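K.L.:
What follows is a structure written as structure tokens; I'll ask about it next.
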Amino acid sequence: MADISVKIHSLFDLTDSREIRSTEKFSFSVTVTNSSEADAVHLENVRYHVKVEDPAIAKLLVPSTNPDAYGTGYKGVNPASGDLVELAPNTVVDAVVLYPRVTVRDDSPVIFEEAGTLGIGDSDVLTLRGQALAVGSTQLTCQVSGTPDVTIPLATKPLEIL
């Protein structure tokens with residue numbers, strides 16, 4: 001299978017400075033690109049699991065609306081049950097699972113458990129926000145998962161009945 005690349009970039013505080021100080025909010029982008037090579041596979045039910053490795057240093061911010069203005073739904077793991085649940089707007093969290101591309105019906109968003117698609121040669125760019133908590137360093141990670149949409153060739157054999 002061809003490569004799917006994931007890049008985290010453009011870390012800025014909210015005044016467009018590249019220096020993020022303790023207690024400041026910041027933004028960053030995640031770009032996911034599916035290959036356009038001959039062996040590339042169309043993905044369905046795509047989800048983006050974004051995490052801060054050391055939550056004592058920084059956290060992620062759920063937008064003031066969930067889903068956000070781009071139709072991305074934010075979910076997280078309930079620590080008590082382990083279930084995936086919708087996160088409340090403005091929540092500060094260690095990790096989120098993003099479900100992009102809401103389907104719109106009758107001018108109101110309808111969120112399905114299946115997420116968006118990442119077609120052959122397609123890219124998704126997600127802009128996220130965080131909150132610095134303490135001086136130090138940590139890692140932001142993004143794990144992409146999805147279901148390959150693969151068509152198995154149809155086999156045929158003539159059948160003659162006499």
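K.L.:
Taking the stated definitions as given, is Ser27 modelled with pLDDT of 85 or more, in a strand (DSSP E or B), open to solvent by 20 Å² or more (accessible area, probe 1.4 Å) and not acidic (Asp, Glu)?
P.N.:
Considered against the rule, which asks whether it is modelled with pLDDT of 85 or more, in a strand (DSSP E or B), open to solvent by 20 Å² or more (accessible area, probe 1.4 Å) and not acidic (Asp, Glu), Ser27 comes out as yes.
K.L.:
Could you please find all residues in the stretch 43-70 being of a type in the set (Val, Ile, Thr), open to solvent by less than 10 Å² (accessible area, probe 1.4 Å) and in contact (Cβ under 8 Å) with a residue 60 or more places away in the chain? Working first, answer last.
P.N.:
Pass one, the stretch 43-70, residues of a type in the set (Val, Ile, Thr): 46, 50, 52, 57, 62, 65.
If we keep only those that are open to solvent by less than 10 Å² (accessible area, probe 1.4 Å) too, we end up with 46, 50, 52, 62.
The answer is Val46, Val50, Val52.
K.L.:
Another question, if that's okay. Would you pick out the residues in the stretch 71-96 that are buried (at least 17 other Cβ atoms within 10 Å of the Cβ) and among the hydroxyl-bearing types (Ser, Thr, Tyr)?
P.N.:
Thr72, Tyr74
K.L.:
Which pairs do you get when a residue that is closer than 20 Å to Ile57 by Cβ, found in the stretch 81-95, comes within reach of a residue that is open to solvent by 60 Å² or more (accessible area, probe 1.4 Å) and modelled with pLDDT of 85 or more, reach meaning Cβ atoms under 8 angstrom, with the pair 6+ apart or on two chains?
P.N.:
Asp94/Lys51; Ala95/His49; Ala95/Lys51
K.L.:
A follow-up question, please. Identify, please: which residue in the stretch 62-94 is of a type in the set (A, V, I, L, M) and either outside any strand (DSSP E or B) or touching a His at 6+ places or on another chain (Cβ under 7 Å) (or both) and is, among those, modelled with the lowest pLDDT? Outline the logic, then answer.
P.N.:
Keep residues of the stretch 62-94 that are of a type in the set (A, V, I, L, M), which gives 62, 69, 77, 80, 84-85, 87-88, 92-93.
Among the residues that remain, those that are also either outside any strand (DSSP E or B) or touching a His at 6+ places or on another chain (Cβ under 7 Å) (or both) are: 62, 69, 80, 87-88.
On the way: Val62: 88, Ala69: 67, Ala80: 82, Leu87: 88, Ala88: 88.
The extreme case among them is Ala69.
K.L.:
Among Thr117, Thr151, Thr141, Thr156, which is at pLDDT below 90 and outside any loop (DSSP other than H, G, I, E, B)?
P.N.:
On the way: Thr151 fails: outside any loop (DSSP other than H, G, I, E, B); Thr141 fails: at pLDDT below 90; Thr156 fails: outside any loop (DSSP other than H, G, I, E, B).
Result of the check over Thr117, Thr151, Thr141, Thr156: Thr117.
K.L.:
Taking Asp106 as meeting all but one of (1) touching a strand residue (DSSP E or B) at 6+ places or on another chain (Cβ under 9 Å); (2) on the phi > 0 side of the Ramachandran plot; (3) at pLDDT below 75, write down the number of the exception.
P.N.:
Asp106 satisfies all of (1) touching a strand residue (DSSP E or B) at 6+ places or on another chain (Cβ under 9 Å); (2) on the phi > 0 side of the Ramachandran plot; (3) at pLDDT below 75 except (1).
The values are calculated or read from the model by the stated rules, or taken from the named source; none is laboratory data. Since the structure is predicted, the reported quantities are computational estimates derived from the model, not experimental observations. Don't worry about glycine lacking a Cβ; one is built from the backbone with ideal geometry, like all the others, and counts go over all protein chains shown. Quick note on the areas: whole protein, heavy atoms, side chains included, nothing else; ligands and nucleic acids left out. Shrake-Rupley method; radii C 1.70, N 1.55, O 1.52, S 1.80 Å.
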